[in-house]
Structures are given as C-alpha cells and as structure tokens.
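The structure appears below as structure tokens.
The values are calculated or read from the model by the stated rules, or taken from the named source; none is laboratory data. The model shown is predicted, which means the values in this text are computed figures rather than measured ones. Reconstructed Cβ throughout: ideal geometry from the backbone, glycine too, with neighbour counts over all protein chains shown. Only protein heavy atoms, including side chains, enter the accessible area calculation; ligands, DNA and RNA are left aside. Shrake-Rupley method; radii C 1.70, N 1.55, O 1.52, S 1.80 Å.
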Amino acid sequence: SVASSFGAPFALNLFSMNVAAASTFTSDYKAIVCLYFGGGNDSANMVLATDTPSWAGYRAARSIGGAASIALPEVGTTRGVLPIVPNATHVDAVGTRSFALHPNLTQLKNLFDSGRAAVIANVGTLVAPIADKVAYRSNGIQKPSNLFSHSDQTTQWHSADPSKPIYGWGGRMGDVLKTSNSKHNFTSMSSSGNSVFLAGETINQYQINPNGSAVPIYGMTMPSLYGISNANNPLQSIIANTGANNLLEREHAAVVERSIAAQTDLNNVMLATADPLVVPQVTQYTNPNNGQLANNSLATQLRTVARIIQGQATLGSHRQVFFVSIGGFDTHDNQLNGQADLMARIAHAVSYFDGALTTLPVGDMSSKVTLFTASDFGRTFTSNGDGTDHGWGAHHFVVGGAVRGKEVYGAFPQTSATNTSAGFDNPLDVGSGSLIPTISVDQYAGTLAKWFGLSPAEIASVFPNLANFTVQDLGFMA
C-alpha cells in the first residue's frame, strides 16, 4: 500500500534490514483475528452472573437513577438476558454461579452452546498480579500507566510490552512467523486503519479498505493520468526505478515495487472471491431499537477477512494476523439503546464469519482461524444514571473451531454485596465498581500465541511481562 512506501514507514523498512529477529517456519495455515471494541465496552452488561445473590447486586448497582436504570431484564422476561450453561460447575464464596449473555447476543449464545465460543472473565492490562484494592493502593505495586485513559490503555492492550509501545503483539508475532509466508506483506492486515496491534519491528501492517480494496499508489490504477492515456506505465517506471546508484533510492524503489506487486496480488484475490458462491454475501441485521433491517459494516470487514483467507495460496500465506474493529462503546449515557445495537451487530457479524469459514472452497477453515475480542478497558459496575464510566477489567469472547468452548475461564467477579454511592463491597473494586483484572492481557494473548505456533522462548520475547504470572496458558485453546 501507499502507506508502506513513503515517509516514516519507509524509514522503518530501512531499519528493519538491520534487525535480527527470531523466525519459525510453519507449513499449515492459521489465522488470528482481533475484533476490537473501540471506546471501552461495558462487558458487565454483555456477560452477567445471574445466581440469586449476584443478580441482586447487579440490579442494585445498575439501578441508580430510578427510571434510567441500565439493568437488563432477567431471564424469562421480555428481551431478558440469555442463559448460558458452562461445561464446568462454577462455585466460589458466593456459592454456585450461573451466567447469561446480553439479550441481543443470540447468535453468540448459539456458538457458546455448540462449544465454538468461550468467555474469558475479567481481563485487563497488568504488569504483574494485583491481589486486591489494598495491594493496588500500595506504593510498592507496579500498575499500568495512565489507567482509565482511552489512548493509553488502547496502546497497552495492543502492545503488551511497555518498552516497545509503538509495536503491537500481533505485529511482533508476525515478525516471528513471517518466514512461513512467501509474501511477507500479507502477514499483518488491517481493514480498520492503522493499528498499533499489527505494527511489527520487521514487518509493516498492510492496510485495506473494509471491502478489501488495496490502497493504491496514486496514478497506478487510473485509466488516464493528467488526461494522458497509459501515463501510469512511465510513472511506475520512474518511481520504481531500480537502476539508481544511491542506496536510499534503490531501497525506495524496491519498497514501491513490492507495494505495486502486493496491490496486484490482493486485487486478484478480491476479484476471485467477489462471487457470493465463493464467499457468502453478508446479509443485513435487525436493529433491535427500531426493528429495521440495516447494513452491518463489521460483517463486511469480516467477509473481507474470509476472502483473504480463501486467497491464502495466491498470497503465499501460512500465518496471518487480522485487525477489525467496531466503535461506539464509550457509553457514558444512553447505554441501553446504544449497546443493544452494538451487541446485535457483533453477534450477527461473528456468526456470519464463523459460518462463512466452514464453506470456503479452500476447505473448512473454522478450526484454523480464531477470533478474539478486545477493548480499551471495561466500565464501572455502578451506573452513572444513564450509562457507565471508564473502568478496568472486562470479559471477552474467543470464537473458533479450535476453542475449548462452552466455558467461562477465570474467576468471575462477585457482585453480590449491597451497593452504595461509593461502589460495592468487592475486594477488587478500586472505585465505582472498576475492577482489578484477574487475568492479564499477556495471559490472554500468550494462550493464543501458543496455539498460533510460537515457541515458549518466542512467547516470552513477545510478552516480557508474562513471566510475572504463574499461569501462562489459560487452557481455552485446543
């Protein structure tokens, strides 16, 4: 793409020639897809504890403001929460726990019930374990910097290495596994703009439009340039001139040439997969707030990912990391309606993607592709009246045929105590129900990296803080 050809990315490309990186070769195919909820998703209304004491605490915390309560209806009522039953029985200090999903996550409930999706409870940015709020307030404990800040927490989620904040763990995994791909350009791919998550030290992320179009170098694909037919041919010859004597000019020409070739390869894949008989077309979803059918841009992004996976042979790919996103989660107000639509769009898109992967002509790829969710942070358990404020730990989904599904992994927070204006009496609550995570991003990501094919040494290199945690494989991947 053009972003890979000029300016700072060009300088990074020069730098990368001198960077020695570990590499692992794999001949099978696997892909990881990061689905990012931009703005900080209120996961406490996405995955809920519904045992009697937990539900009472939930209703109390979310009913501040009376009629403006953001508490969801209980199981069995109109548009009530959807019960899920994990394989294992969950028992803690509250007693036997039960769980449910947001009313608009019907398709995700179906994936959970069929063993193709799992919930990972209370995940967040951590440098090392923090036992409780007493430890949190201790000067001796190291905490993530600038908690509750959108930009800082997004960067830390994406990077997982405080010493390398401009490089993401998705990109650094690509650095390790890029030799598995004959065309490195397509190792890390984003359909949602530039992302720290995909930024590698030795590879650049390849950005595409949501519908899969490559971002071209201006003039390369125009029928005429400045009114002159076929002027793009000499333009390509000029900007990709490899006869220059200057080393910088030569490297610039090589980068441009790779960008042009990559654009051609990707366009060929998009042409070959445009037919809905190859990759199913995206249907509309129903907006739960007005009952109207509407287009789902997230599903379009995921169809593009499926098309690229179908074209893996053309792109020379064996390991790929993708980034897609959906925004609108900064729900300080109007949360009930706003999140209802977001949940419906997510469930529709993820279900479409899972189904599309099973019918690709290249073969059933559903067990070779794993989708996981991420977000800036969770939100406060206590309502502000019409919404929630910035929090910390949050629940997430992992979806795919290789997932050990129908399970809730990790300690689900206790929400059973009487709530007050100062929060609720939970040892993890650092204020208004902002919960200290009990699973770190490193543990969550490291489990995915192991399935993806990284060795223990490579995982330790990509996730340096993982050594601070006793459990390094959470067990949710087969």
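Out of segment 162-176, which residues are more than 19 Å from the chain's Cα centre (by Cα) and part of a helix (DSSP H, G or I)? Passing the criteria: only V176. Each residue in segment 315-336 was checked for being assigned to a loop (DSSP other than H, G, I, E, B), under 23 Å from K30 (Cα atoms) and open to solvent by less than 40 Å² (accessible area, probe 1.4 Å), and 2 pass.
Quick grid of which residues meet (1) within 30 Å of A274 (Cα to Cα); (2) part of a loop (DSSP other than H, G, I, E, B); (3) modelled with pLDDT under 95:
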{"position": "L371", "(1), (2), (3)": "yes, no, no"}
{"position": "F377", "(1), (2), (3)": "no, yes, no"}
{"position": "W392", "(1), (2), (3)": "no, yes, no"}
{"position": "F397", "(1), (2), (3)": "yes, no, no"}
{"position": "Q414", "(1), (2), (3)": "no, yes, yes"}
{"position": "N426", "(1), (2), (3)": "no, yes, yes"}
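Per the conditions (1) in a loop (DSSP other than H, G, I, E, B); (2) modelled with pLDDT of 95 or more, the sole criterion not satisfied by N384 is (2). I need a count of the residues in segment 48-103 that are assigned to a loop (DSSP other than H, G, I, E, B), free of Cβ contacts under 8 Å to residues at least 40 places away in the same chain and of a type in the set (S, T, N, Q). Within segment 48-103, residues that are assigned to a loop (DSSP other than H, G, I, E, B), free of Cβ contacts under 8 Å to residues at least 40 places away in the same chain and of a type in the set (S, T, N, Q) number 3. Scanning segment 137-161 for residues that are out of contact with any His (no Cβ under 9 Å at 6 or more places or on another chain) and outside any loop (DSSP other than H, G, I, E, B) yields a total of 8.
For segment 254-280, a residue qualifies if it is aliphatic (A, V, I, L, M) and in a loop (DSSP other than H, G, I, E, B), and the qualifying residues are A274, L277, V278, V279.
Answer yes if at least one residue in segment 385-402 is aromatic (F, W, Y), surrounded by 24 or more Cβ atoms within 10 Å (Cβ to Cβ) and within 21 Å of P53 (Cβ to Cβ), and no otherwise. The answer is no, given that none of the residues of segment 385-402 is aromatic (F, W, Y), surrounded by 24 or more Cβ atoms within 10 Å (Cβ to Cβ) and within 21 Å of P53 (Cβ to Cβ). Looking only at segment 252-268, decide whether some residue is over 30 Å from T26 (Cβ atoms), at pLDDT 95 or above and open to solvent by 20 Å² or more (accessible area, probe 1.4 Å). The answer is no, given that none of the residues of segment 252-268 is over 30 Å from T26 (Cβ atoms), at pLDDT 95 or above and open to solvent by 20 Å² or more (accessible area, probe 1.4 Å). When K406 is tested against the conditions (1) closer than 24 Å to L35 by Cα; (2) open to solvent by less than 40 Å² (accessible area, probe 1.4 Å), the lone failure is (2). Just to be sure, is L35 part of a strand (DSSP E or B), more than 30 Å from V362 (Cα to Cα) and at pLDDT 50 or above? Judged against the criteria, L35 is not a match.
The set of residues in segment 79-115 that are in contact with a Gly (Cβ under 7 Å, 6 or more places away or on another chain) and surrounded by fewer than 22 Cβ atoms within 10 Å (Cβ to Cβ) comprises P103, G115. Of all residues in segment 170-199, those that are under 14 Å from F452 (Cα atoms) and touching a residue at least 12 places away in the same chain (Cβ under 8 Å) have Cβ atoms under 8 Å from Cβ atoms of residues that are acidic (D, E) and not in a loop (DSSP other than H, G, I, E, B), 6 or more apart or on another chain, in V176/E458. Testing A135 on (1) under 18 Å from the mean Cα position of the chain (by Cα); (2) open to solvent by 10 Å² or more (accessible area, probe 1.4 Å); (3) without any contact (Cβ under 8 Å) to a residue 40 or more places away in the chain, one condition comes back false. Which one is that? The single condition A135 does not satisfy is (1). Quick check: anything in segment 56-71 over 21 Å from G393 (Cβ atoms), open to solvent by 10 Å² or more (accessible area, probe 1.4 Å) and among the polar types (S, T, N, Q)? Yes, segment 56-71 has at least one match. Considering only residues of segment 159-202 that are surrounded by 24 or more Cβ atoms within 10 Å (Cβ to Cβ) and β-branched (V, I, T), which is nearest to K143 (Cα to Cα)? Looking at the filtered set, the residue picked out is V176. Taking the criterion of being open to solvent by 40 Å² or more (accessible area, probe 1.4 Å) and either part of a loop (DSSP other than H, G, I, E, B) or at pLDDT below 95 (or both), the residues of segment 281-314 that qualify are Q281, T283, Q284, N289, N290, G291, Q292, N295. Scanning segment 106-138 for residues that are of a type in the set (S, T, N, Q) and either at pLDDT below 95 or in contact with a Cys (Cβ under 8 Å, 6 or more places away or on another chain) (or both) yields a total of 1.
Close Cβ contacts (under 9 Å, 6 or more residues apart or on different chains) running from residues in segment 293-310 that are farther than 10 Å from V324 by Cα to residues that are open to solvent by 40 Å² or more (accessible area, probe 1.4 Å) and part of a strand (DSSP E or B) comprise L293/T286; A294/T286.
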